[in-house]
Amino acid sequence: MNLESSMNYKGNAIEILGKKEVFGQKVVWIRILETNEFKQVFEDDLESDSDGLDLNHIRFVSIAAKIKDEISKKIILAPYESSLIPLPHQILVLEKVMQSHQNRFLLADEVGMGKTIEAGLILKELKLRGEVNRILVIVPKSAMMQWQSELKEHFNEVFHIYDSELINSLSRTFSNINADQEFNFWEQHNQIIVSTDSLKPIANRQGWAKEKVEEYNKFRMEAVLKANFDLIIIDEVHKMGGANPNVSRYILAQALCDTVPNVMLLSATPHRGKSDHFRRILQLLDPDAFAGDGLPEIKEIEPYVIRTEKRLAVDYEGNKLFNERETVRFDVTLDPRKHALQKELYDEVTEYVRKGFNSAKKTGNSAKGLIMILFQRLVSSSTAAILSAMEGRLLRLQSGEEDGLDNYQLDMDMIMEEQDTGFNFDSIYNSISIAILNDEESYLRELINKATACIQRERDAKADAFIEKYRTLQQEYGDPDLKVLVFTEFRTTQMMLKKILEMEGFRISTINGSQDIDTRKINLTKFKNECQILIATDAAGESLNMQFSHIVFNYDLPWNPMMIEQRIGRVDRIGQKKKVKAFNMLTDNSVDRRVYEVIQEKLTFIIEQLGIDKTSDVLDSTIEQNKINNLYLQSLLDPSKFDFAGEKWLNEIKNKLRSYKSTEGILPQVSEDEIEPKKASDIKYSPLPHWLESLIEMYVFIHKGSISKNLLGYTEIQVNREKKKVTFDPEVALNQPDVEHLTLQNSWIRSLLNGVGEIDNASSITTYISESGEEILGFWSLWEISALNKLESKTSYQCFFLADNGKQYTAYANDIWTRLIKGDLKLLPVTTNESIKASSNLEKLQDVLSSSFQNLKVELESKMNIKKTNKVNSYNYQRSRIEKIGIENIRQSKLRRLENEQKEWEHEFYSNQKVLPGLKQLITFRING
């Protein structure tokens, strides 16, 4: 924004680029500073702004220059562009990646340390530096919405979800397009999130011809490889490792990582106690560095792997982030009088499941066997859950429909996605003979009648126990609004419990897998602000953090203990202020109790004996779902042999845990002294948001608008016929979706900062007098100094004070700048007969300005040399990876593209070695004391 004799066009500050007279008409070429728009207009249409030389204008430019100077000094910018304050260990991860010569890393922090945030910071930083544009994020299906939501909320990055349904639809559409130029729908968006299973190739599929399989793969893996992504992020990458290199997921990961220059892999458990699996994961980053067998040494892994343990996690003041937790077994006894029907129903359903499973075993019907497993879990959850499932099964049997496991997905929110939930019938111990289920429809009708009577005449025993326990906890914590999180696997149980608790007068919120992410967030906010109890299913719990609560009830127990850890992990995470307490509710039935004592109590004892405290990581590495299914079946079908089966399983796990412990040490660990709370504190208490707020205030005053801050924490602005609701506080933005969070990358902020132009050196300098009369007589000026070429630039903002005694006072100049920004410099404009030109300042400061430029030039040349080395290394690395692609046409196409790109870059680099100086005089004014 020009200050001295500045000109406007239709109310907008401009820079005059040139003048010319054409057929007697005076024409000028201008740049509108705020929008960077170029126009050719009549000189008569320009307006003088000579009356606007007040301190508001000067303050505006001073603040803008200060912001730009602060930005130019930052090593990393992403933390200032996010809606959250990164924690010390997350900033360290960002710095390590940015300081490396290659952007290929495995982020292996422990569970709950915020790897998604770390990946978001890295991709944001790479985008701000112009190093990446096209990004592909590959995640488990259940985490797609979470990733999309967090990247938008925290980093203002919009990602498009490509799920199986969309990919199938696009494949059909594009396969029918006959065109000379082949379309690739993976190129339609620059930022895409896709699930692992939607993308992986298939070798064959029942009923499909070879051509159909080839077309399926063509529109997935092959098309993605051709889409030229700059950065790929793979979450839960340990699931890509597979049992061998020929697994389709690993083939997909390997092909992508060979093709894309920047790779971020995320996993808390990359080694999983298996050296061959771990080496395969590392080969995704660098196949040559990790060729061979056995475990690599730490010094080999260090350049590629970053891992921070929970015990080292600290906040901005250096305080430990994670508290203790306590898990308690909560036995619920079925009262012979109050719950007689429930006990009878449980026993009869269990007998039905035994007969049904035996029938499935004899006929080899695995789907029916899995349904029987599900029914046993349902009856342990609630009468409402098993009743709904039995009614659905009876309906399908009566209609003659094929009864597969998919029919029960509405009743069961999640069956361990992406894990093998099947089993081998021959591996189930069952030496005793159980009658086969013959007339299943009659059996089901009888059970349905009993379940219906049970619901009508008895209240759920676990619901009664929970209510009694919750009221005790309210008294214990002295909090009538105590917030408690209740987890169940099944939506029918959730609805039943909600109804009972609301009848008791409790305020309830619910979250489940049928709700979209926005509804889940609304209900979570309702729980945080209004309700006492949140009842959530596992599918919903995966994508939300609930650390404002510290008490968890597992209303029913998943058969995999890792799921219990993940439930507790929703509250036991960064930001939790209290000790977490979890209650595992268990009715007095022998089937569940036997297994619980093995997989919870005895396993926990073994983990503690071995000195392992990373429970989530450990369970994810060692537990196999089908083995736990077999344990439950053993408890159900042949209890006499359960002790033997349980001890056998525990011995297997113990050996895996020993292997885990031995391989865990191969991961390079971030050391405690590397984590610097001050860096996070500097970001948390950065003056940038305050300066941005002051910048907007000055802009509004200059343009005669209105501005007011309300009690909800956001600011309402009316300026240039526009109304805005804005905030500079990320917390306010998160809680008020319709409020715009203004950061450095906001388009309005960028246009204001870019609109600061230099003054006309031929114009006269404005003179001010100090209100207090205590200022030194002389000239204060503010300058933008730059060294640049087409590839790089270095910019500095410096102020100077030339006193009338001929001396230059640097400290006093910076003091004036600080007081201008704060609004503490009290000056009054005066009229004077002096006519001092701004150009006179330039002559007196020539030497010091020249010296500043030379320093910037040296920095820029050093930066160019580093950039050259890194770029050459990057091209060589990409070439080596592309040469490993197995698909000939894609390999050759990629190599040609890379060669052309490198030639163009080298030509541009060597053609632009000259460093051009840049100098702008932004402000000059005189103080007359």
Work from the charge dipole of segment 757-929 (Cβ charges, +1 for Lys and Arg, -1 for Asp and Glu, about the Cα centre) and give the residue of V872, I776, Y797 farthest towards its positive end.
-> V872
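Could you work out the relative contact order of segment 757-929, using alpha carbon pairs under 8 angstrom and six or more residues apart, expressed as a whole percent? Could you put the intermediate results ahead of the total?
Details: 229 pairs, mean separation 83.9, N = 173.
Dividing the mean separation by the residue count of segment 757-929 yields 48 percent.
Taking the Cα centre of the chain as origin and charging only Cβ (+1 Lys, Arg; -1 Asp, Glu), how large is the dipole, in debye to the nearest 20? Each step should come with its number before you reach the end.
Working: 120 positive and 138 negative charges, 159 e Å.
Taking the Cα centre of the chain as origin, the dipole is about 760 debye.
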Taking the reciprocal of mean 1/r across every pair of different Cα atoms in the chain, the Kirkwood radius in Å is 32.3 Å
Among Y346, A13, I117, whose Cα sits farthest toward the positive end of the charge dipole of the chain (+1 at Cβ of Lys/Arg, -1 at Cβ of Asp/Glu, about the Cα centre)?
-> Y346
DSSP bridge pairs, the chain: antiparallel proportion in percent, nearest 5 = 50 percent
By how many degrees, 0 to 90 and rounded to 10, does the Cα axis of helix 248-259 deviate from the longest principal axis of the chain?
-> 10 degrees
From fewest to most C-beta neighbours within 10 Å, the residues M562, M503 line up as M503, M562
Cα-Cα pairs of segment 196-264 separated by more than 14 Å (percent) = 61 percent
Would you grab the residues whose amide H sits under 5 Å from the one on V137? Only those 5+ places off in sequence or on another chain, please, with H modelled 1.01 Å from N.
-> I192, I193, V194, I233
Going through segment 696-783, which GluC sites (Glu not before Pro) have at most 16 other Cβ atoms within 10 Å and a DSSP loop state?
-> E771, E774
Sort 91-103, 219-231 for me by packing, meaning the mean count of neighbouring Cβ atoms within 10 Å per residue, highest on top.
-> 219-231, 91-103
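In debye, nearest 20, what is the charge dipole magnitude of segment 98-224 about its Cα centre with +1 on Lys and Arg Cβ and -1 on Asp and Glu Cβ, if you could check?
Details: 15 positive and 18 negative charges, 34 e Å.
Rounded to the nearest 20 debye, it is 160 debye.
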Using the alpha-carbon atoms, what tilt in degrees (0 to 90, nearest 10) does helix 688-702 show relative to the longest principal axis of the chain?
-> 50 degrees
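Let me have the 222 nm mean residue ellipticity of the chain computed from DSSP H runs of 4+ only, each contributing -39500 (n - 2.57), with the sum over all residues rounded to the nearest 500.
Working: 33 runs with 417 residues, N = 929.
Only helices count here, giving -14000 deg cm²/dmol.
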Kindly rank 104-110, 380-386, 186-192 from highest to lowest mean number of other beta carbons found within 10 Å of each residue.
-> 380-386, 104-110, 186-192
Note the angle between two axes, namely the Cα long axis of helix 491-503 and the longest principal axis of the Cα atoms of the chain, as a number of degrees from 0 to 90, rounded to the nearest 10.
-> 80 degrees
Using mean Cβ contacts within 10 Å as the protection proxy, how do 255-266, 818-829 order, highest first?
-> 255-266, 818-829
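When only C-alpha pairs under 8 Å and at least 6 residues apart count, what is the relative contact order of segment 60-121, in percent?
On the way: 21 pairs, mean separation 20.1, N = 62.
Result for segment 60-121 is 32 percent.
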Going toward the positive end of the dipole of the chain, with +1 on Lys and Arg Cβ and -1 on Asp and Glu Cβ, which of I298, F229, A385 do you reach last?
-> I298
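Given +1 on the Cβ of Lys and Arg, -1 on the Cβ of Asp and Glu, and no further charges, what dipole in debye does segment 757-929 carry about its Cα centre, rounded to the nearest 20? Before the final figure, lay out each step's value.
On the way: 24 positive and 22 negative charges, 235 e Å.
Computed charge dipole of segment 757-929: roughly 1120 debye.
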Added length on full extension, which subtracts the Cα-Cα distance from 0.36 nm per residue, R129 to E740 = 217.6 nm
DSSP-loop trypsin sites (Lys or Arg not before Pro) across segment 692-725, with at most 13 other Cβ within 10 angstrom = K704, R721
Any idea what Rg and Dmax come out to for segment 104-166 if you just take the C-alpha atoms, in Å?
-> 12.2, 35
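Each value in this text was obtained by applying a stated rule to the coordinates, not by laboratory testing. Small disclaimer: the values here were computed from a predicted structure and weren't measured. Here Cβ is always computed from backbone atoms with ideal geometry, including for glycine, and neighbour counts include all displayed protein chains.
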